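Chemist: Please read through the structure below; I'll follow up with questions.
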Amino acid sequence: MTEISFRFKVDDRIGSACRYLRKIQRARRVAVVTGPPEVLERLDRTLWSFEAADFVPHVRLRAGEAAQPRHAPTPIWLVERAADAPHHAVLVNLGDAPPEGFESFERVVEIVSTEASDRHAARQRWRHYQARGYKLESHEASDGGQP
């Protein structure tokens, strides 16, 4: 069954996602990030510049776009729909709703900022997962955490 963990009280959701994805990449794991197009665009730009000496390899697939064979070794995938993901290990959700198809992933990580609207949406996602019988983990934000 999919493991689901929430990382609460994050000051900067995009920055926290970048740090988490860097840990994934350093651990030689693969992650998929899903969310609205504007959030993925911001994450894409931030991953290119977030640390001058430390690049996090990633690829962005827009809705309906197919992965190219040359992208296969890329550890971080940004997709609008989880169903479009080529890998199903770790899914990082930056959207307001539970991603469709999340149950095909080994692990889902929900990054939740301190903003009231984000906390409200996270509570809805928590209830959604809980009502379906998933065991949920909760962590207060730190830049640590398991990839």
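The values are calculated or read from the model by the stated rules, or taken from the named source; none is laboratory data. The model shown is predicted, which means the values in this text are computed figures rather than measured ones. Backbone-built Cβ (ideal geometry, glycine too); neighbour counts: all protein chains shown. What goes into the accessible areas is simple: the full protein's heavy atoms, side chains included, and nothing from ligands, DNA or RNA. Shrake-Rupley method; radii C 1.70, N 1.55, O 1.52, S 1.80 Å.
Chemist: Out of region 39-48, which residues are open to solvent by less than 50 Å² (accessible area, probe 1.4 Å) and free of Cβ contacts under 8 Å to residues at least 40 places away in the same chain?
Modeler: Matches in region 39-48: Asp44, Thr46, Leu47.
Chemist: So, one more: Filtering region 1-48 down to residues that are touching a helix residue (DSSP H, G or I) at 6+ places or on another chain (Cβ under 8 Å) and small (Gly, Ala, Ser), which residue is farthest from Arg107 (Cα to Cα)?
Modeler: In this case the residue turns out to be Gly15.
Chemist: In a loop (DSSP other than H, G, I, E, B) and out of contact with any strand residue (DSSP E or B) (no Cβ under 6 Å at 6 or more places or on another chain): which single residue out of Glu65, Glu103, Glu41 fits that description?
Modeler: After ruling out the rest, the residue left standing is Glu65.
Chemist: Could you give every pair whose Cβ atoms fall below 8 Å, whose first residue belongs to region 64-75 and is open to solvent by 70 Å² or more (accessible area, probe 1.4 Å), and whose second residue is not in a loop (DSSP other than H, G, I, E, B), counting only separations of at least 6 or pairs across chains?
Modeler: Note: pairs meeting the criteria are Gly64/Asp84; Glu65/Asp84.
Chemist: Please find, within region 49-60, the residue that is most open to solvent (accessible area, probe 1.4 Å) out of those that are in contact with a helix residue (DSSP H, G or I) (Cβ under 8 Å, 6 or more places away or on another chain) and either in a strand (DSSP E or B) or over 22 Å from His87 (Cα atoms) (or both).
Modeler: Checked region 49-60; the qualifying residue most open to solvent (accessible area, probe 1.4 Å) is Glu51.
Chemist: Of the conditions (1) within 12 Å of Ile4 (Cα to Cα); (2) surrounded by 13 or more Cβ atoms within 10 Å (Cβ to Cβ); (3) among the polar types (S, T, N, Q), Gln130 fails just one. Which one is it?
Modeler: (2)
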